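Notes for the one structure printed next.
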Amino acid sequence: MAVHVITKENFEAEVLQSESTVLVDFWANWCGPCGMMSPVVEQFAEEHAEIKVCKVNVEEQPELVQQFRVMSIPMLVVFKGGKVVGSSVGVQPKEDILALTKKAM
């Protein structure tokens with residue numbers, strides 16, 4: 001499944017109103033660890049179609065950064081039913097991302 005690009009304009013519809021569990025990756029182009037994390041997140045999206053995977057560029061979406069108090073990136077946030085049910089900061093192996101999302105299911 002493709003990774004969805006999230007902005008403040010589509011956040012509510014794509015994340016909060018989603019019937020699926022949603023994994024949101026907060027990242028930036030200049031962030032080295034984000035670059036390491038990106039292929040892992042993309043592979044996770046391909047392997048787990050039951051989970052909606054989204055990315056938020058922190059440089060372009062400061063309102064979302066502030067709303068979710070993103071202090072360090074990469075930051076993964078899991079939503080279920082419009083609520084945050086889990087999060088992690090830093091580079092994570094695919095197995096840990098799966099464990100984080102499975103808690104929400």
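The values are calculated or read from the model by the stated rules, or taken from the named source; none is laboratory data. These numbers come from a predicted model, not from an experiment. Note that each Cβ is placed from the backbone with ideal geometry, even for glycine, and that neighbours are counted across all protein chains shown. To get the accessible areas, we keep the full protein, side chains included, count just its heavy atoms, and leave off ligands, DNA and RNA. Shrake-Rupley method; radii C 1.70, N 1.55, O 1.52, S 1.80 Å.
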Notebook entry, point to check: By how many nm would the segment from residue 95 to residue 46 lengthen if fully extended, with 0.36 nm per residue of separation less the alpha-carbon distance?
Noted result: 16.2 nm
Note to self: With just the Cα atoms defining each centre, how far is segment 1-79 from segment 83-98? Give it in Å.
What the structure shows: 11 Å
Notebook entry, point to check: Summing -39500 (n - 2.57) over the DSSP H runs of n ≥ 4 in the chain and dividing by its residue number, what mean residue ellipticity at 222 nm do you reach, to the nearest 500 deg cm²/dmol?
Noted result: -9000 deg cm²/dmol
Item checked: Carbon plus sulfur fraction of accessible area for the chain, probe 1.4 Å, in percent -> 52 percent
Checklist line | Residue list for segment 1-38, given a label point 7 angstrom along the Cα-to-Cβ vector of residue 84 and an amide N cut-off under 13 Å | finding: 24-26
Notebook entry, point to check: Under the rule that a partner needs its Cβ under 4.7 Å from the first Cβ, which Cys of the chain have none?
Noted result: 54
Check: What fraction of the DSSP beta bridges in the chain is antiparallel, stated in percent and rounded to the nearest 5?
Finding: 55 percent
Notebook entry, point to check: Using a 1.4 Å probe, what is the accessible area per residue for the chain, in Å²?
Noted result: 54 Å²
Check: By its C-alpha gyration tensor, with a ≥ b ≥ c as the square roots of the eigenvalues, how is the chain shaped: rounded for a/c under 1.5, else prolate for a/b larger than b/c, else oblate?
Finding: rounded
Checklist line | Shape of segment 18-66, Cα gyration tensor, a/c cut at 1.5 | finding: oblate
